[in-house]
1. Please go through the range 67-110 and pick out each residue that is of a type in the set (S, T, N, Q) and closer than 21 Å to LYS121 by Cα.
2. Among VAL131, VAL124, which is farther than 18 Å from ALA30 by Cβ, at pLDDT 95 or above and either hydrophobic (A, V, I, L, M, F, W, C) or not assigned by TED's automatic domain parsing to the domain that holds THR43 (or both)?
3. Out of the residues in the range 129-164 that are of a type in the set (A, V, I, L, M, F, W, C) and in contact with a Lys or Arg (Cβ under 8 Å, 6 or more places away or on another chain), state the one that is surrounded by the fewest Cβ atoms within 10 Å (Cβ to Cβ).
4. Does TYR46 satisfy the condition of being touching a strand residue (DSSP E or B) at 6+ places or on another chain (Cβ under 7 Å) and assigned by TED's automatic domain parsing to the domain that holds LEU91?
5. Hey, can you tell me all the residues within the range 78-106 that are in contact with a Cys (Cβ under 7 Å, 6 or more places away or on another chain) and touching a residue at least 40 places away in the same chain (Cβ under 8 Å)?
6. Among what's in the range 105-128 and is small (Gly, Ala, Ser) and surrounded by fewer than 21 Cβ atoms within 10 Å (Cβ to Cβ), pick the residue that is farthest from ARG67 (Cα to Cα).
7. Out of all the residues in the range 160-175, is one or more at pLDDT 90 or above, in contact with a Gly (Cβ under 8 Å, 6 or more places away or on another chain), part of a loop (DSSP other than H, G, I, E, B) and not assigned by TED's automatic domain parsing to the domain that holds ARG83?
8. If GLY9 passes every condition in (1) touching a Lys or Arg at 6+ places or on another chain (Cβ under 7 Å); (2) in contact (Cβ under 8 Å) with a residue 40 or more places away in the chain; (3) crowded, with 23+ Cβ neighbours inside 10 Å but one, which one does it miss?
Amino acid sequence: MTREELRIGVFVCSCGSNIASVIDPAEVAAYARTLPGVVTARTNLYMCGDPGQNAIKDEIAAFKLNRVVVAACSVRMHEPTFRNCVAEAGLNPFFMELANIREQDTWVHAHEPERALLKAKEIVAAAVAKVSYVAPLTPLTVPVTKAAMVIGGGVAGISAALDLGDMGITTYLVEKEQSIGGTMAQLNKTFPTMDCSI
């Protein structure tokens with residue numbers, strides 16, 4: 001796909017007041033409309049909510065978008081949400097880029113709104129540039145043997161092996177000494193109760 005064929009939609013979240021109390025999301029959207037390949041840009045109070053996600057899906061259909069940038073919160077918070085959203089609209093989920101203008105911008109620059117606005121625009125521009133070059137990906141399914149090996153038969157190793165076993169995972173406990181217990185096995189009594197250590 002050549003750059004001229006790109007049809008990018010940018011969706012800027014207000015995140016209630018998390019973003020909107022510092023910068024104007026509409027200004028970020030207006031700036032995004034000037035970027036190469038961007039054919040639509042809009043805002044929403046909560047882009048991760050059903051109305052926001054429905055707006056993304058509607059715009060994908062109406063503008064025949066083939067790339068999406070969501071300017072909102074962290075990847076850790078909502079990347080799966082937005083990947084699923086664009087997939088439900090018929091796009092490869094990896095044609096979506098999440099631009100973090102909350103944690104990496106408005107939260108850390110709350111007392112510098114002009115600079116925060118400039119940074120939000122730059123973060124969105126970077127995301128638009130990045131999504132312009134993404135390729136479709138297909139997740140792989142790999143068979144996994146549900147087993148674990150714990151190295152060290154001290155208190156921590158024994159505890160880890162027992163926890164794994166309780167989860168139904170076949171567990172192998174490996175200890176280099178002749179008996180398990182680690183340092184605890186070398187003690188006669190333990191403080192403060194003076195109970196036997198093993």
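The values are calculated or read from the model by the stated rules, or taken from the named source; none is laboratory data. Predicted, not measured: the structure shown is a model, and the values here were computed from it. Please note: Cβ atoms are built from the backbone with ideal geometry, for glycine as well, and neighbour counts cover all protein chains shown.
1. Result: SER74, ASN100, GLN104, THR106.
2. VAL131
3. That would be VAL134.
4. Against the criterion (touching a strand residue (DSSP E or B) at 6+ places or on another chain (Cβ under 7 Å) and assigned by TED's automatic domain parsing to the domain that holds LEU91), TYR46 qualifies.
5. ARG102, the sole residue that qualifies.
6. Among them, the one singled out is ALA110.
7. Checked against the condition, which is being at pLDDT 90 or above, in contact with a Gly (Cβ under 8 Å, 6 or more places away or on another chain), part of a loop (DSSP other than H, G, I, E, B) and not assigned by TED's automatic domain parsing to the domain that holds ARG83, the range 160-175 yields at least one hit.
8. (1)
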